[in-house]
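Each remark here refers to the structure printed beneath this line.
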Number of protein chains: 2
Amino acid sequence: MNYCSECGAEIILARPEDDNRLRHVCSACNIIYYQNPKIVAGCIPEHKGKILLCKRAIEPRSGYWTLPAGYMELDETSMEGALRETLEEANARVEILGLYAVFNLPHVNQVYMMYRSRLLDMDYSPGTESLDVALYSENEIPWNDLAFTTIRQTLRYFYADREVGQFRLHTGDIIKQGEKYSFRAGPDEIYDDYSSSTIIQRP
Amino acid sequence: MNYCSECGAEIILARPEDDNRLRHVCSACNIIYYQNPKIVAGCIPEHKGKILLCKRAIEPRSGYWTLPAGYMELDETSMEGALRETLEEANARVEILGLYAVFNLPHVNQVYMMYRSRLLDMDYSPGTESLDVALYSENEIPWNDLAFTTIRQTLRYFYADREVGQFRLHTGDIIKQGEKYSFRAGPDEIYDDYSSSTIIQRP
């Protein structure tokens, strides 16, 4: 950030009064430019136990499979954003059943909000950002060709919940360490380990 | 927005290729400036059935009571943001128990994420943005002097859940119509009416 987008003067890094962080501040008109994380809103579109996935046509991770999701826009709710992205990326109409996963990705300043949803008809097709759209049953999910850790974690929770017979909110953080990504479950979690089928109730 | 913050050239409103919205775009270097909603992260700090509220020292709604909450910052998770705001506004340390309320406020492009939490000690005091901080039991809550509809709705759900004996996620939207604000419950809700004590399971 070099220039004030209001008056065109030079931007400096400064700590405003009563603030504990350096901000981009205009050296002439003193406007403070705050930067904040963005919400990625999306759907888990289900039909008779199958999930609708999109093959990405754009970077990052072009050619890999994902759930329909994208940046929430101004003047909409997170649910409206999830519905819009599902329509844009998969030309699919869904009914939203509930908020299912809230994952922080602090390394890219994103918060994913994924909604469980029910596909309303079978007239889905690839949108401009997708190469392909297809319904996958649990044993067909292309686990090694999923685009993002958030998508993998969302689908893992989905199938674990389905086995237990109860869907509930999941929260957590995707942490980047070097080139690797790991998942840190939030305090809402009762599942501690996916490699076993044991469900552990946290204290 | 008048000037490009990277090169200083004039900003125009234009619809980028493969986009369906007008964006602020630089007329010289073609950078697109996206604008997106912000997350407000906060806590419901509980101690023996009482809730810690802060009396606001800043506008908007200076002098009115609120839960500790504020804009999520870059490089932090929503939980870290909620903990930080609770420390900054109430000098209070809490343990987060779980994500409790996710409310959209499309008229101000905010998404509230409120966490249930347990006060870890009694050494709370007003931060620079608070005039006072105090623990309130249910029958002491200053319902007519609460700062925001989001706070009122969060506390309503909290006490309704406490009566039932089970806390669960709540979602919804605060809708501004003229000068009035109303609450539209999300698909996660099972409570349809707070004026009665009846709990209605939605279809």
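A short reminder: the numbers here are calculations on the coordinates, not readings from a lab. Note that the structure is predicted; figures quoted are calculated from it, not measured. In this analysis, Cβ positions are derived from the backbone assuming ideal geometry, glycine residues included, and neighbour counts consider all displayed protein chains.
Tabulated data
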item: For B:Glu179, label point 7 Å along C-beta direction: distances to other copies, nm; result: 6.2
item: Point-charge dipole on Cβ atoms (K/R +1, D/E -1) for chain B, about Cα centre, debye to 20; result: 500
item: If the convex hull is drawn through the Cα atoms of the range B:38-185, its volume per residue in Å³; result: 106
item: Number of partner chain Cβ atoms within 10 Å, mean per residue of A:36-42; result: 6
item: Of A:Lys176/B:Lys38; A:Lys38/A:Lys180; B:Lys48/B:Lys176; A:Lys176/B:Lys55, those spanning more than 29 Å from alpha-carbon to alpha-carbon; result: B:Lys48/B:Lys176; A:Lys176/B:Lys55
item: Spin-label model distance (nm) - A:Asn2 vs B:Ala57, 7 Å beyond Cα toward Cβ; result: 4.0
item: Copy-to-copy label separations for B:Cys29, where each label sits 7 Å from Cα toward Cβ, in nm and ascending; result: 1.9
item: Teacher prompt: A:Lys50 distances to equivalent labels in other copies, 7 Å Cα→Cβ, nm; result: 5.8
item: Average beta-carbon neighbours from other chains, 10 Å sphere, peptide B:73-82; result: 6
item: For the protein assembly as shown, size of Cβ-based charge dipole, Lys and Arg +1, Asp and Glu -1, in debye; result: 540
item: Shielding by other protein chains, B:96-109, mean Cβ within 10 Å; result: 4
item: Where a label projected 7 Å from the Cα of A:Arg184 along Cα→Cβ would reach, residues of the range A:77-106 with amide N under 17 Å; result: A:102-106
item: For the range B:91-162: rounded, prolate or oblate by the Cα gyration tensor [a/c cutoff 1.5]; result: rounded
item: Protection proxy ranking, peptides A:65-75, B:162-172, A:46-56, average beta carbon neighbours within 10 Å, highest first; result: A:65-75, A:46-56, B:162-172
item: HN-Hα J in Hz across the range B:174-189 - Karplus 6.51, -1.76, 1.60, θ = phi - 60°, x for Gly and Pro; result: 9, 10, 8, 10, x, 9, 9, 10, 10, 10, 10, 5, x, x, 6, 7
item: Calculated P(r) tail over 35 Å for the protein assembly as shown, as whole % of Cα pairs; result: 31
item: Lys, Arg +1 and Asp, Glu -1 on Cβ, resulting dipole of the range A:140-192 about Cα centre, debye, nearest 20; result: 120
item: Dipole of the range B:38-185 [Lys/Arg +1, Asp/Glu -1 at C-beta], most positive-end residue of B:Leu135, B:Asn109, B:Leu53; result: B:Asn109
item: Bridge type composition, the protein assembly as shown - antiparallel percent by DSSP, nearest 5; result: 70
item: Share, in percent, of DSSP beta bridges within the range B:38-185 that are antiparallel, nearest 5; result: 65
